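Every read-out reported here was derived from the displayed coordinates using simple, explicitly stated rules and does not represent laboratory data. Note that the coordinates shown come from a computational prediction; the quantities given were computed from them, not determined experimentally. Positions of Cβ are backbone-derived with ideal geometry, glycine not excepted, and every protein chain shown enters the neighbour counts.
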Amino acid sequence: MSRNQELTEGIIRGDRENVVRLVREDLEAGHGPVLILNDGLIPGMEKLGDQFGRGEVFIPELMAAAKAMNAAMEILRPLLEASGVEPLGKVVMGTVKGDMHDIGKNLVCMLLRGAGFEVIDLGVNTSAEQFIEALENSGARILGMSALLTTTMNRMGAIIETIRRAPFGEEVRIMVGGAPLDEDFAAKIGANGYAKDAPLAVDRFKELHAALQP
Amino acid sequence: MGDGAMGTMLQTAGLEPGDAPERLNAENPEAVRSVHEAYLQAGSDVITTNTFGGNRRRLALHHAGDRVFEWNKAGAAVARRAAGAQDREVIIAGSVGPTGSLLQPVGDLHFDEAKNDFAEQCAALAEGGVDVILIETMSDLEEVRAAIEGARAVGDLPVFCTMTFDTHGRTMMGTSPEEAVQATVDFGVQAFGSNCGNGPGEMEEIAEKMIRACRGVPLIIQANAGVPRIEGDQVVYEAGPERMAEHARRCCDLGIRYIGGCCGTTPAHIRAMIEATKGSDGKGAEEG
């Protein structure tokens, strides 16, 4: 197995210790951080995301992999920045007002950080005003919103409308997610994106981010 | 036959979306009682207390972590009062839902902390007069074990448990119905089953798997009335009373002993389900 394959396998198995060791050794051997990330770590997350989508692995495996990925990113981030690689972008995240459920939202936050986004996590029970304030203060123009309950999901539309009325509201790309949502609902309430699981959400966030770049 | 949904019924009765439904046990017990009465009138033999989110961790999110004892005891007591007005035997199931946090090693919540929270809630439910502890909507066997140990630490009420197999036929943590039955029977539950999820069709597949693995332990099925969809500003569940009645009959034929409803079910659903399973004998529904 090549070094990169070993790294990929380490991510898939959620073997944080080995992943960190391999990353350090590769750096010492003179490998560049970008290659370690793109050829070693990211393929692992992608493969695991596919397995998750097919129901072959579940939340424990995904959490373990995300933790390994984040440990590796802790090491790589300063080196990536030093070599002029810009962070992927900032994302504001939160569970909507009235909803206290955050297992899914936290998973997406972890995966986004692993993918190289800077995440501003507002937690649960987040109002439109709190979302707007965080977007304003951070300069982020990507927002992820989660709801688990049918009652709180029904408030997402009003929250999006309020955000759109902010001075920068039309620029914001809004992703929505949560168990009772679907693509149609997301379109109806004026969201820019929807994904049915956490790894797919990261893909959609990347697309939204890419589309925002001049 | 059990009962159906509580939360959505309370919303119709004025519960603010986002507020803790358990608050009403203390502050508007009549609203809670009228939901119980609607299910009792429909013919439910088991009614479930309005205490699903009544553990310390969840109530703390509503700044009510210090109300655990009061609200759970009141929730049990109001169900007990509603049942007392009936001229037949009614079983009060004390609802115990998940903490909402992931346990170690996947998440950060320590097993003992979860167990203590469950023990505190179960003690209050027992004090209020429930007949059984119903641990519901679980995804993680470790959390189930914490809840069962918590219940056992404060009393000797029977413990029932249901888990939610909503992710490719498994729980979101990856546990299959067969594994779940096996483990919870080993933990010593008096009845095991499945609730919530993706509607009656998928639930029947889960029921078949559990029947094959249950080693004689009575099984519980409480399905959602299908998957919700939005029409205008209304949330509509696709399975009406007729579909749920057919579902109840199928579960009964499979040998499920305790059948009820979850999200989106109403007294009308429960009434139809009871009607459809009347006269089932032998391995069929335990209607009482």
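What longest region of chain B stays clear of GluC sites (Glu not before Pro) that DSSP places outside H, G, I, E and B and that have at most 14 other Cβ atoms within 10 Å?
B:90-237
Distance between the 7 Å Cα→Cβ label points at residue B:242 and residue A:171: 5.5 nm. Our Cα-only numbers for the protein assembly as shown put the radius of gyration and Dmax at 23.9, 81 Å. Computed 3J(HN,Hα) for the stretch A:3-19, one whole-Hz value per residue from the Karplus formula 6.51 cos²θ - 1.76 cosθ + 1.60 where θ = phi - 60°, is 4, 5, 4, 4, 4, 4, 4, x, 5, 4, 7, x, 8, 4, 4, 5, 4, glycine and proline marked x. With the biggest extent put first, the Cα atoms of chain A measure 53, 37, 25 Å across the principal axes. Only Cα sites of the stretch A:1-41 enter the Debye sum here, all with the same form factor; the resulting log10 I(q)/I(0) across q = 0.19, 0.33 1/Å is -0.44, -1.23, listed in q order. Simple spin-label estimate for residue A:211 and residue A:2 gives 3.3 nm between the two label positions (7 Å along the Cα-to-Cβ direction from each Cα). At q = 0.09, 0.13, 0.22 Å⁻¹ the log10 of I(q)/I(0) for the stretch A:89-212 amounts to -0.19, -0.41, -1.37, computed by Debye summation with a single uniform scatterer per C-alpha, solvent ignored.
Under the Kirkwood approximation applied to all pairs of distinct alpha-carbon atoms, what is the hydrodynamic radius of the stretch A:3-82 in Å?
On the way: mean 1/r = 0.0812 Å⁻¹.
By the Kirkwood definition, the hydrodynamic radius is 12.3 Å.
In a DSSP loop and with at most 12 other Cβ atoms within 10 Å, the trypsin sites (Lys or Arg not before Pro) in the stretch B:181-264 are B:215. If only the Cβ of Lys and Arg carry +1 and only the Cβ of Asp and Glu carry -1, the dipole of the protein assembly as shown around its Cα centre is close to 180 debye. For a paramagnetic label modelled on residue A:27 (point 7 Å from Cα along Cα→Cβ), amide N atoms under 18 Å away belong, within the stretch A:63-77, to A:67-77. In units of the compact-protein estimate 2.2 N^0.38 Å, the stretch B:7-277 shows a Cα radius of gyration of 0.94. Using the Cβ-Cβ distance between residue A:83 and residue B:60 with R0 set to 56 Å, the FRET efficiency from 1/(1 + (r/R0)^6) comes to roughly 0.80.
With a Förster radius of 51 Å applied to the beta-carbon distance between residue A:161 and residue B:275, the computed FRET efficiency rounds to 0.70.
So for the pair residue A:188, residue B:234, with labels modelled 7 Å out along Cα→Cβ, what separation do we get in nm? Taking the simple label geometry, residue A:188 and residue B:234 are separated by 1.2 nm.
Simple rule: put +1 on each Lys or Arg Cβ and -1 on each Asp or Glu Cβ in the protein assembly as shown, find the dipole, and look at B:102, B:77, A:124; the Cα lying farthest toward the positive end is B:77.
Counting, for every residue in A:179-191, the Cβ atoms of other protein chains within 10 Å of its Cβ and taking the mean gives 2.
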